[in-house]
1. Taking the condition in a helix (DSSP H, G or I), modelled with pLDDT of 80 or more, of a type in the set (D, E) and more than 21 Å from the chain's Cα centre (by Cα), does D83 pass?
2. Between D51, D57, D21, which is open to solvent by less than 100 Å² (accessible area, probe 1.4 Å) and at pLDDT below 95?
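The values are calculated or read from the model by the stated rules, or taken from the named source; none is laboratory data. Just so you know, these numbers come straight off a predicted model, no measurement behind them. Heavy atoms of the whole protein, side chains included, go into the accessibility calculation; ligands, DNA and RNA do not. Shrake-Rupley method; radii C 1.70, N 1.55, O 1.52, S 1.80 Å.
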Amino acid sequence: MGFWDREVRDGFDAMFDFNRDGHLDPFEQAMQFDFIEEGMRSESGSDEEEDDLFGSDLDFDELEDMDEDERREALEEAGYDPDDFDDF
């Protein structure tokens with residue numbers, strides 16, 4: 001058992017004990033944390049529609065804060081026609 005490992009406490013921990021050694025190593029703990037964090041994001045009513053529209057590289061709020069040239073460049077880099085987004 002490594003210094004950062006911790007014992008499996010329950011069934012939820014067991015789901016992430018990939019090597020079934022009875023301990024969660026840092027990688028397994030990170031996977032468990034990511035699973036919990038992703039669940040919290042989806043329950044919090046995140047802007048999934050915006051994510052689908054703009055992809056992961058663009059954020060609606062960031063586009064609003066950009067000047068016209070930056071916004072045009074960001075949209076072009078993401079593969080969108082900037083003329084379709086004149087409402088910002």
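1. yes
2. None of the others qualify; the one that does is D51.
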